[in-house]
Amino acid sequence: MTAATSSEPMVKVRLPGVAFVMVAISVLAMAGLILLPLYVVFREALLKGLPQYLAALKAPDAVSAIRLTLLVAAIAVPLNAVFGIAAAWAISKCEFRGKSVLLTLIDLPFSISPVVSGLVWVLLFGAQGLFGKWLLAHDLKVIFAVPGLVLATILVTFPFVARELIPLMQQQGADEEAAALTLGASGFTTFRRVTLPNIQWALLYGVLLCNARAMGEFGAVSVVSGHIRGLTNTLPLHVEVLYNDYDSVGAFAAASLLAGLGIVTLVLKTALEWRHSGELSAGRKH
Amino acid sequence: MSLQARDKEFLALLGPSGSGKTTLLRVLAGLEEPDAGEVRFDGEDFLALPVRKRKVGMVFQHYALFRHMTVAQNIAFGLTVRPARERPGKSEIRDRVARLLDLVQLQGLEKRFPSQLSGGQRQRVALARALAIEPRMLLLDEPFGALDAQVRRELRRWLRELHDRAGVTTVFVTHDQEEALDLADRVAILKDGELVQLGAPNAVYEHPATPFVFDFLGQACQLPGVVQGGSLTVADWETAAPEGATQGAVQVFFRPDEVAFAPAEGAGLAAEVLAVARRGPDVRIDCRIEGVLMELIGHGPTLPAGVAPGLSVRVKPLRPQVYA
């Protein structure tokens, strides 16, 4: 079985002195680039004491930003989980024309600037956009409203789940599904009882990364948001607005939530990797 | 090509890689659709049935066990996915799994996961899982391909006994001629998607229909010859031609171990012995016949009389086959 090969011990090389330098560089980079900013975020947020910090989070605009962020993620992440499973299934278990094109398209959001990912929706659904007149006539709002935020977030976070599943599903092949079919299972039963359990941990892992990015996304969301306080500002946009207002406690308090989300994601991700390394794909690149 | 398996038969599909044997098996299972042709089972049109309705038990080359299920859950899968009204009760499923575990001699391992089993055990779980649905036909894709030689031989005998007890028509795919001849009631030899020969192991081994079959079923020595009337002439050796041999120039094939050695002044093909090497019960005799280097095989603890490096002997093929 292929699973056995991944547990082979890695050959370790010892180069005297080099190890020390490498470790030192990594630790310094970690401290300077990750731990220091993290410390600054929480220090600034709590600069005027805990009550001020809590008050900043309870401000109506902050609450509405938190709500909006959760709402956008709650729509975008499940949809991307479904799209991701569908795309990964198509690529790893079926043969069809244009497969490599699909594979490239999935990666597209990684390679284009998030600003462009936001702008395409403005060009499509903005007042001057392709469908702008039609939307206006039917009193539908996409840009500067929640649908626009969701669309922009979906586009930016599309690759996370698919990228996580494709290598794993390719490695697993389609034999187990074929076996289930010969044993009399329907297509849906096969998917539910064979495919899904085989990818559950990788799926969770992808959803986790997708969620972290969905909640933290700034660029694409910034373009379609319109920055209407209390209405279309997500948490990252809220941070920017407050920072520009010289409200550093408020800005850093909101930022601390995002930082906290990052830490929680990291812990869960590590726990997943630790407990289910065999069932996550080896070809991960994040 | 057309091929018919008999009821309760153990049929081997034998061929080199790329001969289409696995594709044929997958067509039977319904996992692949043929471009043309038909598949019938007891007169029923099999192609009209989807995979899940065919009730064909398939054992995949790498077993394809469900990795997140225990041995017992794997075996029970085919029963638990049935629609509610056809599904046996929980206790009946448990009994059936226990009986199958008994049959494949894996009692006590029902709680293990596939990753905790040896290759041979995995194969037996795959068989039990396929048998659980009481298949109308059992399909095995290279059943011993992923096992080492020792386990392979044991399982071979065991599989044959299992087939005789279960009484299910079984079709298995292999590229190993020894395995096919040893196990099967009949062997179908495939090449480039064509059926070249079909017959009982002895029949195909004794009378290969083509040079390809002759070569594929064992080692082959080859020399040009001429058939005239009832006699076959190879170099200065003349013997009776096999029955039904074509007239004129032919290729003569014989097995390196189906030869008799005679003194240089006797009848046979003139051979110059180059080297002799003992290989357990057999002796390898390298010699040159008609300018061609050949590895002949002698049996038994003593060398054939007069055979030693540097000597000339006569070699008489015992069962030459001729092909146009």
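The values are calculated or read from the model by the stated rules, or taken from the named source; none is laboratory data. Here the structure is a predicted model, which means the values were calculated and not measured. Positions of Cβ are generated from backbone atoms using ideal geometry, with glycine treated the same way; all protein chains shown enter the neighbour counts.
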Counting only residues that are surrounded by 17 or more Cβ atoms within 10 Å (Cβ to Cβ) and within 20 Å of B:Arg129 (Cα to Cα), how many does the stretch A:190-212 have? 5
Pull up the stretch B:2-60, narrow it to residues that are away from chain A (no Cβ under 14 Å) and among the acidic types (Asp, Glu), then point me to the one that is surrounded by the most Cβ atoms within 10 Å (Cβ to Cβ). B:Glu9
Considering only the stretch A:102-188, give the helices (runs of 4 or more DSSP H) lying wholly within it that have at least 3 residues that are away from chain B (no Cβ under 14 Å). A:114-125, A:132-137, A:146-157, A:159-172
Working only within the stretch B:279-303, note down all residues that are more than 24 Å from B:Asp215 (Cα to Cα) and modelled with pLDDT of 90 or more. none
Specify the residue that is surrounded by the fewest Cβ atoms within 10 Å (Cβ to Cβ); the eligible residues are those in the stretch B:65-94 that are within 16 Å of A:Thr189 (Cβ to Cβ) and of a type in the set (Gly, Ala, Ser). B:Ala84
Could you list, in sequence order, all residues of the stretch B:192-206 that are touching a helix residue (DSSP H, G or I) at 6+ places or on another chain (Cβ under 9 Å) and either β-branched (Val, Ile, Thr) or at pLDDT below 90 (or both)? B:Gly193, B:Val196, B:Val204
State yes or no: is B:Gly120 on the phi < 0 side of the Ramachandran plot and facing chain A (nearest Cβ under 8 Å)? no
Please tell me if B:Ser91 is more than 14 Å from chain A (Cβ to nearest Cβ), small (Gly, Ala, Ser) and over 30 Å from the mean Cα position of the chain (by Cα). yes
Looking only at the stretch B:75-88, filter to residues that are among the small types (Gly, Ala, Ser) and modelled with pLDDT of 90 or more; which one of those is nearest to B:Val125 (Cα to Cα)? B:Ala76
Identify, from the list B:Phe212, B:Phe253, the residue that is out of contact with any Leu (no Cβ under 7 Å at 6 or more places or on another chain), part of a strand (DSSP E or B) and modelled with pLDDT of 90 or more. B:Phe253
Considering B:Asp215, B:Asp236, which residue is exposed (fewer than 14 other Cβ atoms within 10 Å of the Cβ) and either closer than 29 Å to B:Ala188 by Cβ or not assigned by TED's automatic domain parsing to the domain that holds B:Leu269 (or both)? B:Asp215
Take the stretch A:167-189 and flag every residue that is among the β-branched types (Val, Ile, Thr) and surrounded by fewer than 24 Cβ atoms within 10 Å (Cβ to Cβ). A:Thr189
Subset of the stretch B:131-142 [among the aliphatic types (A, V, I, L, M), surrounded by fewer than 24 Cβ atoms within 10 Å (Cβ to Cβ) and within 15 Å of A:Ala178 (Cβ to Cβ)]: B:Ile133
Being within 26 Å of B:Gly30 (Cβ to Cβ) and touching a residue at least 12 places away in the same chain (Cβ under 8 Å) is true for just one of B:Leu155, B:Leu159. Which residue is that? B:Leu159
Check off (1) within 14 Å of chain B (Cβ to nearest Cβ); (2) among the polar types (S, T, N, Q); (3) more than 30 Å from A:Gly260 (Cβ to Cβ) for A:Gln200 and give me the number that stays unchecked. (3)
Restricting to the stretch A:109-148, count the residues that are in contact (Cβ under 8 Å) with a residue 40 or more places away in the chain and within 23 Å of A:Ala86 (Cβ to Cβ). 4
Output the residues belonging to the stretch A:226-255 that are hydroxyl-bearing (Ser, Thr, Tyr) and within 21 Å of A:Leu71 (Cβ to Cβ). A:Thr232, A:Thr234
For B:Phe66, only one of the following conditions fails: (1) assigned to a helix (DSSP H, G or I); (2) touching a Pro at 6+ places or on another chain (Cβ under 8 Å); (3) facing chain A (nearest Cβ under 9 Å). What is its number? (1)
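The rows are residues; the columns are (1) part of a loop (DSSP other than H, G, I, E, B); (2) in contact (Cβ under 8 Å) with a residue 12 or more places away in the chain; (3) exposed (fewer than 13 other Cβ atoms within 10 Å of the Cβ).
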residue	(1), (2), (3)
B:Pro242	yes, yes, no
B:Thr246	yes, yes, yes
B:Glu272	no, yes, no
B:Arg278	no, no, yes
B:Arg284	no, yes, no
B:Pro301	yes, yes, yes
B:Val307	yes, yes, no
B:Val313	no, yes, no
Consider A:Val239 carefully, then state whether it is of a type outside the set (Lys, Arg), within 17 Å of A:Val63 (Cα to Cα) and in contact with a Lys or Arg (Cβ under 9 Å, 6 or more places away or on another chain). no
